[in-house]
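So the structure is just underneath, and the comments pick up after that.
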Amino acid sequence: MTPEEALERWWGYGSFRPMQKEIIDSALSGVDTLAILPTGGGKSICFQVPAMMTEGVTLVVTPLIALMKDQVQNLARRGIKALAIHSGMTRREVDTALNNAAYGEVKFLYLSPERLMTRLFKSYLDVLDINYIVVDEAHCISQWGYDFRPEYLRIGELRQETGAPVIALTATATPEVADDIVEKLRRPEGDRPFNVMRAGFERPNISYIVRRCEDKAGQLLDICRSVSGSGIVYLRNRRRCEEVAAMLTAEGVQASFYHAGLGPSARASRQEAWKKGELRVMVCTNAFGMGIDKPDVRFVVHWEPADSLEAYFQEAGRAGRDGLPSYAVLLWRPSDMSALRRLLDVSFPGLDYIEDVYQKLHVKYGIIYETGEGLSLRFNEEEFCREYGLDRARTHYALHYLSQSGHIGYDEDVDIPTRVKISRRTEELYDVDFPDPRMVTVLETLMRRYTGIFSFTVPIDDEDLAARVGCPVPELHRLLYRLSLEHVIKYVPADHSTVVTLFHNRLMPGNVNLLPSRYEMLRSQAEKRLSAVQDYLSDGPGCRSRRLLAYFGQEESSDCGNCDFCRANKSEARLRASVLEFAAGHPGVIPSGEREREMYRRLLDEGAIVL
């Protein structure tokens, strides 16, 4: 089977997008490959096609749980078996998934990075026939990257143990970051080639526009009214998301909001409504959009500047994936940059403060010194800060730095599924007088579908169970609750939580190595990224698209012709030609329009017009 035949058979496409075929050929030849493709460039095809053409299971390391679930479902619809292992799963669930990957017909095993070096996963390495190790969001492995994650460093150890070739993928790698990715993933012998394949980052159909304004609500409404089609509006603040969505709705725009504070069902239903076009505009934090493939987004508006050009480019790139004209508009005012500078200071609390948070975290859960390794704990950040009198923002970033320095795993917004255990023996169930006959149907379905349900609290697929019972999901939850009141089952409803994983036993005060040199390096990199954002916002000369491309190392490019700078230049050129023509036909007469008079004076100063 050729790559083209595989693409046609499983994905129904007749041809590849630019660079996809070259990346696939590199992977099929067994050469380690780093592919740098812009957002919307079709990265998943680059590893899924060679995986389907090669015996064995492909290991996909990604930090994005939403993306894992989305891709597993998409592959299942194509008849391809895939599984995902992520935070929030019990040891038994992980063991079952790994067993299926080793001995079932699984082609893709999606794995969050913190699971890589667990004893359970490593115990399966000898029986997992791994054909490729795919590193999604590969910039996370680089200490120079804007989203460095220490768990990613374990991928280098994993590839030494398996010897499988690597396919690394990212949309946001500067030349410095790309070099670091290769260094971290290169084979131990160091003499094997590592293909770095960089697609052009141009998105000629996107008009990049920067507007300095005070009335952001008015500007946003103008965009919604003048540009047809669906859109995304990005903000940093959850409460502000809700306010902006309410404002748009009041003005007749079909809008809703999305952020990590919503429950799983609310997020899923809103995302689905937006994808189907039932909602026109999604007002959201950066929790929305990762892994969502909606090709007809006509505009992406940033209510304020992102804290890095990497984040901005990725989010703006969700516009116009179908190749049709689209807009990426950034609204800002000077106070926004002041807020970003304050955020940078808050993002790097002192090392003493970070160690204090580390110790208080263990105290909260009653973990004594030299214990705790491997524990996964449900964590409420707001409650923790209130209990210990800590500043919420500084504590948030302290926890993230503890994660970056390898002490804890900190996974926000983990979806924990419904869990059920049948508490009675089978013969006892016949003596129960159930008030609703559907309760019997629920029990019978549970016993048929879930092995071990009499011994363990097992995760339940709510939608599948509700469909088999023949009732809506909310009604199923009521039936499960009533069964728990009858003491027939133990019912743990689905939850949405932050999970903290302890990577080692609790350390004594003064023994927590917080890597001061790395702390200073990360702060320095953050300051450089903030300066790059400031430069992009400036009205200095240069096409917006070319400025973005240059930041990512693409020096050869031409003016896009669509951004606000290029459009202003075109307008300027037309005005210049018009005034020159007027001056030639009306010697000594000054034009009447204000802009025309200003251009006339400039042409006089240049000597292009002589009185």
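The values are calculated or read from the model by the stated rules, or taken from the named source; none is laboratory data. Bear in mind the structure is a predicted one, so any value in this text is a computation, not a measurement. Reconstructed Cβ throughout: ideal geometry from the backbone, glycine too, with neighbour counts over all protein chains shown.
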Any pair with Cβ under 6 angstrom, 6 or more apart, that starts in segment 549-572 at a residue that is closer than 20 Å to THR172 by Cα and ends at one that is at pLDDT below 90 and surrounded by fewer than 17 Cβ atoms within 10 Å (Cβ to Cβ): LEU549/SER557; GLY553/PRO175
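Restricting to segment 258-268, name every residue that is more than 20 Å from ALA393 (Cα to Cα) and assigned to a loop (DSSP other than H, G, I, E, B).
Residue satisfying the conditions is GLY263 alone.
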Residue tally, condition in contact (Cβ under 8 Å) with a residue 40 or more places away in the chain and either of a type in the set (Phe, Trp, Tyr) or within 24 Å of ARG77 (Cβ to Cβ) (or both), over segment 103-131: 8
Looking at LEU67, LEU59 in this structure, which one is at pLDDT 95 or above and surrounded by 18 or more Cβ atoms within 10 Å (Cβ to Cβ)? LEU59
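In segment 22-35, how many are of a type outside the set (A, V, I, L, M) and under 25 Å from the mean Cα position of the chain (by Cα)? Before the answer, list the steps.
Of the residues in segment 22-35, the ones of a type outside the set (A, V, I, L, M) are 22, 25-26, 29-30, 32-33.
Pick out the ones that are also under 25 Å from the mean Cα position of the chain (by Cα) and you get 32-33.
Within segment 22-35, residues that are of a type outside the set (A, V, I, L, M) and under 25 Å from the mean Cα position of the chain (by Cα) number 2.
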Filter segment 560-580 down to the residues that are farther than 29 Å from PHE201 by Cβ and polar (S, T, N, Q) and list them by number. SER578
Return a yes/no flag: does segment 237-257 have any residue that is touching a helix residue (DSSP H, G or I) at 6+ places or on another chain (Cβ under 8 Å), outside any loop (DSSP other than H, G, I, E, B) and either outside the structural domain of GLY218 (by TED's automatic domain parsing) or in contact (Cβ under 8 Å) with a residue 60 or more places away in the chain (or both). no
Out of the residues in segment 99-133 meeting the condition of being aromatic (Phe, Trp, Tyr) and out of contact with any strand residue (DSSP E or B) (no Cβ under 7 Å at 6 or more places or on another chain), tell me which one is surrounded by the most Cβ atoms within 10 Å (Cβ to Cβ). PHE121
Read through the list (1) among the aromatic types (Phe, Trp, Tyr); (2) within 30 Å of SER226 (Cα to Cα); (3) at pLDDT below 90, then give the number of the only condition that TYR410 fails. (2)
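Does ARG546 satisfy being over 21 Å from CYS140 (Cα atoms) and modelled with pLDDT under 90? It would help to see each step written out before you state the result.
On the way: over 21 Å from CYS140 (Cα atoms): yes; modelled with pLDDT under 90: no.
Considered against the rule, which asks whether it is over 21 Å from CYS140 (Cα atoms) and modelled with pLDDT under 90, ARG546 comes out as no.
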Which of (1) out of contact with any helix residue (DSSP H, G or I) (no Cβ under 9 Å at 6 or more places or on another chain); (2) modelled with pLDDT of 90 or more does ASP433 not meet, given it meets every other one? (2)
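Kindly indicate which of THR457, THR418 is within 24 Å of PRO264 (Cα to Cα) and either crowded, with 19+ Cβ neighbours inside 10 Å or modelled with pLDDT of 90 or more (or both).
On the way: THR457 fails: either crowded, with 19+ Cβ neighbours inside 10 Å or modelled with pLDDT of 90 or more (or both).
THR418 is the lone residue from the list that is within 24 Å of PRO264 (Cα to Cα) and either crowded, with 19+ Cβ neighbours inside 10 Å or modelled with pLDDT of 90 or more (or both).
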Hey, does segment 375-389 have a residue that's outside any strand (DSSP E or B), touching a Phe, Trp or Tyr at 6+ places or on another chain (Cβ under 7 Å) and either of a type outside the set (Asp, Glu) or farther than 30 Å from SER545 by Cα (or both)? no
When ASP179 is run through (1) in a helix (DSSP H, G or I); (2) free of Cβ contacts under 8 Å to residues at least 40 places away in the same chain; (3) not assigned by TED's automatic domain parsing to the domain that holds GLY163, the failure sits at (3)
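Just the residues that are among the small types (Gly, Ala, Ser) and part of a loop (DSSP other than H, G, I, E, B), please, taken from segment 116-160. Steps first, please.
Here is the first cut: in segment 116-160, the residues among the small types (Gly, Ala, Ser) are 123, 138, 142, 145, 156.
Result: SER142, GLY145.
Are any of the residues in segment 333-350 farther than 23 Å from TYR397 by Cα, touching a Pro at 6+ places or on another chain (Cβ under 6 Å) and in contact (Cβ under 8 Å) with a residue 60 or more places away in the chain?
Step one: of segment 333-350, the residues farther than 23 Å from TYR397 by Cα are 333-334.
Cutting the leftovers down to touching a Pro at 6+ places or on another chain (Cβ under 6 Å) gives us none.
No.
Yes or no, residue by residue, for (1) aromatic (Phe, Trp, Tyr); (2) at pLDDT 90 or above; (3) in the same structural domain as ARG378 (by TED's automatic domain parsing):
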| site | (1), (2), (3) |
| --- | --- |
| GLU520 | no, yes, no |
| TYR536 | yes, yes, no |
| GLY540 | no, no, no |
| GLU572 | no, no, no |
| VAL579 | no, no, no |
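Where residues in segment 381-407 are modelled with pLDDT under 90 and on the phi < 0 side of the Ramachandran plot, which of them is surrounded by the most Cβ atoms within 10 Å (Cβ to Cβ)?
Keep residues of segment 381-407 that are modelled with pLDDT under 90, which gives 403-406.
Add one more test, that the residue is on the phi < 0 side of the Ramachandran plot, and what stays is 403-405.
On the way: SER403: 20, GLN404: 22, SER405: 20.
The qualifying residue surrounded by the most Cβ atoms within 10 Å (Cβ to Cβ) is GLN404.
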Complete set of residues in segment 463-498 that are free of Cβ contacts under 8 Å to residues at least 12 places away in the same chain and surrounded by 17 or more Cβ atoms within 10 Å (Cβ to Cβ): ALA466
Tell me which of these LEU330 doesn't satisfy, since it passes every other one: (1) under 19 Å from ASP411 (Cβ atoms); (2) under 23 Å from the mean Cα position of the chain (by Cα); (3) aliphatic (A, V, I, L, M). (1)
Against the condition crowded, with 20+ Cβ neighbours inside 10 Å and either of a type outside the set (S, T, N, Q) or under 13 Å from the mean Cα position of the chain (by Cα) (or both), how does PRO305 come out, does it pass? yes
